[in-house]
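Report on one structure; see the data block that follows.
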Amino acid sequence: GDELEIIHSNPVDYFEELRAEIDLDSLITYMGEMRFGPVQSLHAEAISANIEVKQKNHLVEKTVLNYAEPFSIFNQINGGIYPSDMLLKTWKYLFGAHHHDAIHATGVPKIKSDELYRLAQAQEIAEGISRRAFESIVSKINNDKFDDDDILITVFNPSKYERNEVINLKIDLPREEY
């Protein structure tokens, strides 16, 4: 009747009950690419992905999730400002690039250029947020035991694991320092 029973379940139990309710031999089986025939209306022509958009998306996600967000929080914990408005703008640009077929850049060429623009904006903001967080954290390090002419290098570890590998750096020193 008008009653509805909602059951919180899991995939194993759901499919077990589904198999008990359905005669599996009565189901139609489709094979192949499914570009033509009865299921062609289900994204039959969206079989491509634009690698440039996918790679840029991966870079932006990595920058936001591994640098901008966590180091902004570390900065806030140490008395700095958490840039919530700028991070929200970054996420909006990033998520704006994730709608429907846009992330694959399938369709008219403008879709790809729009996606790359959104991702470039998100990347630029995320890099700026990260840089400001790093600078703020470094400014709070007590360097009293060093001389004013000492050159100090701070290394940030964005992973959740302790690391001990060798880091190769190129450092531009003023001519009078050589």
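How about the range 119-178: which GluC sites (Glu not before Pro) there are in a DSSP loop, with at most 13 other Cβ atoms within 10 Å of their Cβ?
GLU162, GLU165
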> Taking a spot 7 Å from the Cα of MET86 along the direction of its beta carbon, which residues of the range 110-128 have an amide N less than 17 Å from it?
Replying inline: 120-128
> Which length gain, in nm to one decimal place, applies between VAL155 and PHE15 when the Cα-Cα distance is subtracted from 0.36 nm times their residue separation?
Replying inline: 45.4 nm
> Quick one: ranking TYR117, TYR161, TYR30 by accessible area, 1.4 Å probe, largest first, what do you get?
Replying inline: TYR161, TYR117, TYR30
> Looking at this model, which pairs from LYS140/LYS160; LYS89/LYS112; LYS56/LYS140; LYS62/LYS92; LYS54/LYS92; LYS92/LYS140 are more than 25 angstrom apart at the alpha-carbon?
Replying inline: LYS56/LYS140; LYS92/LYS140
> Just the accessible area per residue of the range 130-178, please: how many Å² with a 1.4 Å probe?
Replying inline: 101 Å²
> How high is the FRET efficiency from VAL138 to LYS54, r the C-beta distance, R0 30 Å, rounded to 0.05?
Replying inline: 0.35
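The values are calculated or read from the model by the stated rules, or taken from the named source; none is laboratory data. All of these numbers come straight from a predicted model, not from anything done at the bench. No Cβ is skipped: glycine too gets one built from the backbone with ideal geometry, and neighbour counts run over all protein chains shown. Remember, those area values only see protein heavy atoms, side chains included, never the ligands or the DNA or RNA. Shrake-Rupley method; radii C 1.70, N 1.55, O 1.52, S 1.80 Å.
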